[in-house]
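Here is the structure we will look at, set down as structure tokens.
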Amino acid sequence: MMKFITKVWVIGENTFKEAIRDRILYSIVFFAVLILIVSTVLDVVTIGQRTKIIKDVGLASISLFGALIAIFVGIGLVYKELDKRTIYTIVSKPVTRLQFLLGKYLGLVFTIFVEVAAMSLIFCLIVFSQNGGVDLLLIEAIVLTFLELMIVCAVAIFFSSFTTPILSGMFTLGVYIIGHLTYDLYEFSHNFSGTALEKILKILYYVFPNLDNFNIRSNAVHGLPVSGDFLLFSITYGLLYIILLFAISSFIFNRKDFK
């Protein structure tokens with residue numbers, strides 16, 4: 001078991017080092033920090049809203065730019081190894097494809113964790129300077145956002161395991177957008193009761209991740225409490241979805257012919 005974990009850790013560590021060398025990563029983080037700082041200016045010119053603007057823009061920026069980082073970095077992780085043919089060296093060693101894929105995923109997740117932590121720290125410092133404190137709801141919103149980004153990472157790895165970076169990027173971005181509309185699709189399906197379109201919309205609802213389960217940003221901005229049951233459900237749902245998606249990715253990757 002220790003050997004399994006060690007091999008996954010080494011692959012994950014190398015993936016993290018490779019990811020943080022990516023220049024586009026710094027560009028996205030710089031832009032995210034810039035948006036956070038600009039939000040303080042918006043707060044000044046918006047009468048009566050005070051810290052709500054900062055919280056709203058800040059949390060949205062962490063989610064959006066975190067997703068962009070997950071997509072841009074994640075879509076090429078597996079493909080780069082295939083394109084550079086380094087995958088032949090890796091699989092020729094006593095490293096299973098499951099360990100390879102798991103290491104890539106954990107390396108990507110750790111990259112996102114570091115980026116989200118950096119953006120969240122700046123965001124919380126800005127909120128603290130304006131509000132004199134940071135409430136628990138903001139922390140809960142950031143934690144659920146990170147869980148949402150873990151799902152985006154799993155989706156990026158899933159598509160990266162069998163298609164090109166361009167298609168992976170398009171598909172992952174599509175899942176991210178639809179994931180925030182799944183409940184609307186479900187409600188919309190009631191307008192087509194008894195038709196094939198109703199079934200298609202409901203299939204989309206159940207297949208795509210419901211990313212709104214991790215969106216409590218509005219509650220955090222307006223100070224509306226979130227129940228413990230909802231938080232527990234969201235965390236359980238997110239972890240189960242990641243495990244299921246990763247199992248499918250591993251199944252596909254194990255049957256991939258590298259010749």
Checked pairs for the stretch 218-233, first part of a helix (DSSP H, G or I), second open to solvent by 70 Å² or more (accessible area, probe 1.4 Å) and hydrophobic (A, V, I, L, M, F, W, C), C-beta under 9 Å and 6 or more apart or across chains, list as S218/L224; A220/I139; L231/V143
Assess whether A118 counts as being on the phi < 0 side of the Ramachandran plot, touching a residue at least 12 places away in the same chain (Cβ under 8 Å) and crowded, with 19+ Cβ neighbours inside 10 Å.
no
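Here's the yes/no breakdown for (1) free of Cβ contacts under 8 Å to residues at least 24 places away in the same chain; (2) open to solvent by less than 40 Å² (accessible area, probe 1.4 Å):
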| site | (1), (2) |
| --- | --- |
| F162 | no, no |
| T172 | no, yes |
| I177 | yes, no |
| F188 | yes, no |
| K202 | yes, no |
| Y206 | yes, no |
So, of the residues in the stretch 131-165 that are more than 12 Å from the chain's Cα centre (by Cα) and of a type in the set (G, A, S), which turns out to be modelled with the highest pLDDT?
A141
Evaluate the stretch 186-201: report whether one residue or more is under 29 Å from I142 (Cα atoms) and more than 19 Å from the chain's Cα centre (by Cα).
yes
Qualifying positions in the stretch 55-64 - open to solvent by 10 Å² or more (accessible area, probe 1.4 Å) and at pLDDT 85 or above
A60, L64
Considering the stretch 130-157, residues that are farther than 20 Å from P209 by Cα and in contact (Cβ under 8 Å) with a residue 40 or more places away in the chain, and then whichever is least open to solvent (accessible area, probe 1.4 Å), we arrive at L138
Candidate set: the stretch 207-259, residues that are over 17 Å from the mean Cα position of the chain (by Cα) and among the hydroxyl-bearing types (S, T, Y); chosen: the one nearest to S161 (Cα to Cα)
S250
For the stretch 238-255, pairs from a residue that is closer than 19 Å to F100 by Cβ to a residue that is outside any helix (DSSP H, G or I) and open to solvent by 50 Å² or more (accessible area, probe 1.4 Å), with Cβ under 8 Å and 6 or more apart or across chains, are I252/F162; F253/F162
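The values are calculated or read from the model by the stated rules, or taken from the named source; none is laboratory data. Since the structure is predicted, the reported quantities are computational estimates derived from the model, not experimental observations. Please note: Cβ atoms are built from the backbone with ideal geometry, for glycine as well, and neighbour counts cover all protein chains shown. Ligands, DNA and RNA are stripped out before the accessible areas are found, and what is left, the full protein with its side chains, is counted by its heavy atoms. Shrake-Rupley method; radii C 1.70, N 1.55, O 1.52, S 1.80 Å.
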